[in-house]
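The block underneath contains the structure these notes are about, expressed in structure tokens.
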Amino acid sequence: MNTIKDKLTTYPKIIPLATAGLIGIFGTWFYFSPYLTVYGMQQAAQRKDATELSKHVNFPALKDNVKSTLQAQVVKEVRKQGQQGNPFALLGLGLAESYINSVVDTMVSPEGISEMVQGETPDSQNKDAKQATNSNKSEVSMSYESFNSFVVHVKKKSAEKGKVSLVFLRDGLDWKLSAIRLEDV
């Protein structure tokens, strides 16, 4: 009669090999998981599936990030205009708040994120014209920024500036879009 102890002593190399195999499989999945998240977002964007796309986005963190980024850009521009002697610079700062809120609502929506994933700049105006001329010709590069941060850089091939970086942060074993960096926009 074979007992478990007899079987374990008969096959002593199976346990370490099985453990190493499982660690290898998990490690490979762990490394490629942000790439799979981005691929899932691209597929959802092409299908115009807002529900699936929203699963990969941390909307509160993303809205805070975009709002603070735009506010910093506006304050920088107002200071520049004020130094040039523009008396209406401070008035512009007061009006900018409502503008920033509308831009954030446009960008940080399933539709806006879908456009960014496809290399477009989210715009609440001229959507019909954009759809008529939409060419999915964008340069995309992806890389880890740190263990818990993964960045996707998207830029239209025909544009000289306007690179958008989508920052994904680890959320348990999953990844969530949590920040957007607008460069040269």
- Order the following by accessible area, largest value first: R79, R181, R47, R170. Probe radius 1.4 Å; ligands, DNA and RNA are ignored. R79, R47, R181, R170
- Starting from the Cα-Cα distance between E77 and T28, subtract it from 0.36 nm times their residue separation and give me the gain in nm to one decimal. 13.1 nm
- Note on the structure: Interchain or sequence-distant (5+) residues whose placed amide H lies within less than 5 Å of the amide H of S138 are K157
- Compactness relative to 2.2 N^0.38 Å, alpha carbon Rg of the range 16-82: 1.86
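The values are calculated or read from the model by the stated rules, or taken from the named source; none is laboratory data. Note that the structure is a prediction, hence the values are computed from the model and not measured. Ligands, DNA and RNA are excluded from the accessible area calculation, which covers all protein heavy atoms including side chains. Shrake-Rupley method; radii C 1.70, N 1.55, O 1.52, S 1.80 Å.
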